[in-house]
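Trainee: Handing you a structure now.
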Amino acid sequence: MDIGQSIVTWFESQGRDLPWRDTRDPYRIWIAEVILQQTRIAQGIKYFYRFVERFPDVQTLASAHQDEVLKYWEGLGYYSRARNLHAAAKQVVEKYEGKFPQHYTELQKLRGIGPYTARAIGSFAFGNQTGVIDGNVLRVMSRVLGDFSPVNQQSTRKKFQEIIDQWVKNVDSRNFNNGIMDIGSVVCTPTQPGCLICPLLDHCKGYKEGMVHLLPFKEKKTDRKIKHYHFYLISNTRGEVVIRQRPAKGLWGGLWEIPNQKVSKEEWEEKKSRLAGEFFHQMKHVFTHFDMMINVFLVSPQEYDLKPAEQFISKDKIHIFAFSKAVLKIFDKWQNTD
DNA sequence: AAGTCGGGGTA
DNA sequence: TACCCAGACTT
């Protein structure tokens, strides 16, 4: 049996049943694929249900306000996904009359849809005969091929894309793509892979050569940096707190926050507020590319002059706005110490 | 090609 | 800690 058929056969008996697999609606498949970018299924599944319930079709999403779209994304991370999702919905409504293009080369022109997502929608919604390559597939392929090319390099992606397009040629692409991703996440796991129950064992050069535990090979990434910040909880006796909206792009783009500023490591370690107030709390917020060290201060509103973009909002209304997890943690700590 | 962009689970 | 997760966009 060739490898494509092995994957499809395995999927038909062992594949997982997921809520976006019982439809060919490109809209729902699109939403699921974007939510799952760099996100585990266990984390994304609740967001998927809530999102498609509130925005059941592309017209509803296109006509929504971005603030509400971000609210439904709150806590999920990579917020440009939500902004691009919103922009792409408008593209589909305005330029494609509400109907998704049916080929991945066209789909990839939409905001937030790259090589993986375009092929995923193309395959799952429209049956395009092309293979998808995500983190799971990179791992499976590098092991099956026994290939030590760095998987985080463009040339390797291109080579793997050509190979997987051959693998999928004579089988159902939906079952093939779902199957190879399931094998990656359930059997061919990063540590302790289940080689002895793997349907690709007979095809696996990495296993034959005893190299599975060394694959996939990645080039070392640059070391993470540390940045220091002061955050300010500015609240009055009426239980109101100062918030403001972040710029549309960049880190936490479009989300709301409490006033804060970057400070030097030395100033951060002194735990001394630049505004009149007292030290409240210390925490670390971890990003992919840096650690954010945070001091939180309680600041009295009498000595604080409100800037134009800032506003006092009562505590029982902050749930209307979308905040980053860092600010939500600060609010939570604050609430539980009152 | 390298850097930016979240948050959570796991060893 | 460090790595990984149904990656894409910017520079």
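Trainee: Looking at (1) more than 16 Å from DNA strand B (Cβ to nearest atom); (2) in contact with a Gly (Cβ under 7 Å, 6 or more places away or on another chain), can you tell me which one A:E270 breaks?
Mentor: Result: A:E270 passes all but (2).
Trainee: Would you say A:D182 is surrounded by fewer than 19 Cβ atoms within 10 Å (Cβ to Cβ) and not aromatic (F, W, Y)? Please lay out each step first, then the result.
Mentor: On the way: surrounded by fewer than 19 Cβ atoms within 10 Å (Cβ to Cβ): no; not aromatic (F, W, Y): yes.
So A:D182 does not fit the description; no.
Results for (1) hydrophobic (A, V, I, L, M, F, W, C); (2) open to solvent by 40 Å² or more (accessible area, probe 1.4 Å); (3) at positive phi, shown as yes or no for each residue.
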| site | (1), (2), (3) |
| --- | --- |
| A:N128 | no, no, no |
| A:R139 | no, no, no |
| A:F160 | yes, no, no |
| A:I164 | yes, no, no |
| A:N178 | no, no, no |
| A:K208 | no, yes, no |
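Trainee: Restricting to region A:69-109, name every residue that is among the β-branched types (V, I, T) and in contact with a Lys or Arg (Cβ under 8 Å, 6 or more places away or on another chain). Let's see the steps before the verdict.
Mentor: Looking only at region A:69-109, we keep the residues that are among the β-branched types (V, I, T), and these are A:69, A:92-93, A:105.
If the condition is that a residue be among the β-branched types (V, I, T) and in contact with a Lys or Arg (Cβ under 8 Å, 6 or more places away or on another chain), then A:V69, A:V92 are the ones that fit.
Trainee: Name the single residue that is nearest to A:G15 (Cα to Cα) among those in region A:189-206 being open to solvent by 90 Å² or more (accessible area, probe 1.4 Å) and hydrophobic (A, V, I, L, M, F, W, C).
Mentor: If we take residues in region A:189-206 being open to solvent by 90 Å² or more (accessible area, probe 1.4 Å) and hydrophobic (A, V, I, L, M, F, W, C), then A:I197 is nearest to A:G15 (Cα to Cα).
Trainee: Among what's in region A:36-54 and is β-branched (V, I, T) and more than 8 Å from DNA strand C (Cβ to nearest atom), pick the residue that is nearest to A:E68 (Cα to Cα). Break it down stepwise before answering.
Mentor: First, pick out the residues of region A:36-54 that are β-branched (V, I, T): A:39, A:41, A:45, A:52.
Subsequent filtering for residues that are more than 8 Å from DNA strand C (Cβ to nearest atom) retains A:45, A:52.
Numbers: A:I45: 19, A:V52: 13 Å.
Ranking the qualifying residues of region A:36-54, first place goes to A:V52.
Trainee: Filter region A:2-48 for residues that are part of a helix (DSSP H, G or I) and of a type in the set (D, E); which is surrounded by the most Cβ atoms within 10 Å (Cβ to Cβ)? Give the steps one after another, and end with the answer.
Mentor: Just the residues of region A:2-48 that are part of a helix (DSSP H, G or I), to begin with: A:3-14, A:26-35, A:41-48.
Filter once more, keeping what is of a type in the set (D, E): A:12, A:33.
Working: A:E12: 11, A:E33: 22.
Of everything passing the filter in region A:2-48, A:E33 is surrounded by the most Cβ atoms within 10 Å (Cβ to Cβ).
Trainee: Let me ask something else about it. A:V140 - would you say it is touching a Gly at 6+ places or on another chain (Cβ under 7 Å) and either more than 16 Å from DNA strand B (Cβ to nearest atom) or of a type in the set (S, T, Y) (or both)? Can you show your working first?
Mentor: Details: touching a Gly at 6+ places or on another chain (Cβ under 7 Å): yes; either more than 16 Å from DNA strand B (Cβ to nearest atom) or of a type in the set (S, T, Y) (or both): yes.
Answer is yes for this residue.
Trainee: Between a first residue in region A:55-75 that is in the same structural domain as A:H86 (by TED's automatic domain parsing) and in a helix (DSSP H, G or I) and a second residue that is hydroxyl-bearing (S, T, Y) and open to solvent by less than 10 Å² (accessible area, probe 1.4 Å), which pairs have beta carbons less than 7 Å apart while being 6 or more apart in sequence or on different chains?
Mentor: Going by the 7 Å Cβ cut-off, the qualifying pairs are A:V58/A:Y27.
Trainee: Those residues that are touching a residue at least 24 places away in the same chain (Cβ under 8 Å) and either within 16 Å of DNA strand B (Cβ to nearest atom) or over 19 Å from A:G122 (Cα atoms) (or both), I need them from region A:12-40; list them, please.
Mentor: A:E12, A:Q14, A:G15, A:R16, A:I31, A:E33, A:V34, A:I35, A:Q37, A:Q38, A:T39 - these are the residues of region A:12-40 that are touching a residue at least 24 places away in the same chain (Cβ under 8 Å) and either within 16 Å of DNA strand B (Cβ to nearest atom) or over 19 Å from A:G122 (Cα atoms) (or both).
Trainee: Contact list please: Cβ distance under 6 Å, first residue in region A:302-330 and closer than 21 Å to A:P247 by Cα and of a type in the set (G, A, S), second residue open to solvent by less than 40 Å² (accessible area, probe 1.4 Å) and not in a helix (DSSP H, G or I), pairs at least six apart or on different chains.
Mentor: A:A322/A:E74; A:A322/A:L255; A:S324/A:W252; A:S324/A:L255; A:A326/A:H285
Trainee: Restricting to region A:164-213, what's the tally of residues that are without any contact (Cβ under 8 Å) to a residue 40 or more places away in the chain, in contact with a helix residue (DSSP H, G or I) (Cβ under 7 Å, 6 or more places away or on another chain) and either near DNA strand C (Cβ under 10 Å from one of its atoms) or in a helix (DSSP H, G or I) (or both)?
Mentor: Qualifying residue count, region A:164-213: 5.
The values are calculated or read from the model by the stated rules, or taken from the named source; none is laboratory data. Given the structure is predicted, the values throughout are model-derived calculations rather than measurements. Backbone-built Cβ (ideal geometry, glycine too); neighbour counts: all protein chains shown. With ligands, DNA and RNA removed, areas are computed over all heavy atoms of the protein, side chains included. Shrake-Rupley method; radii C 1.70, N 1.55, O 1.52, S 1.80 Å.
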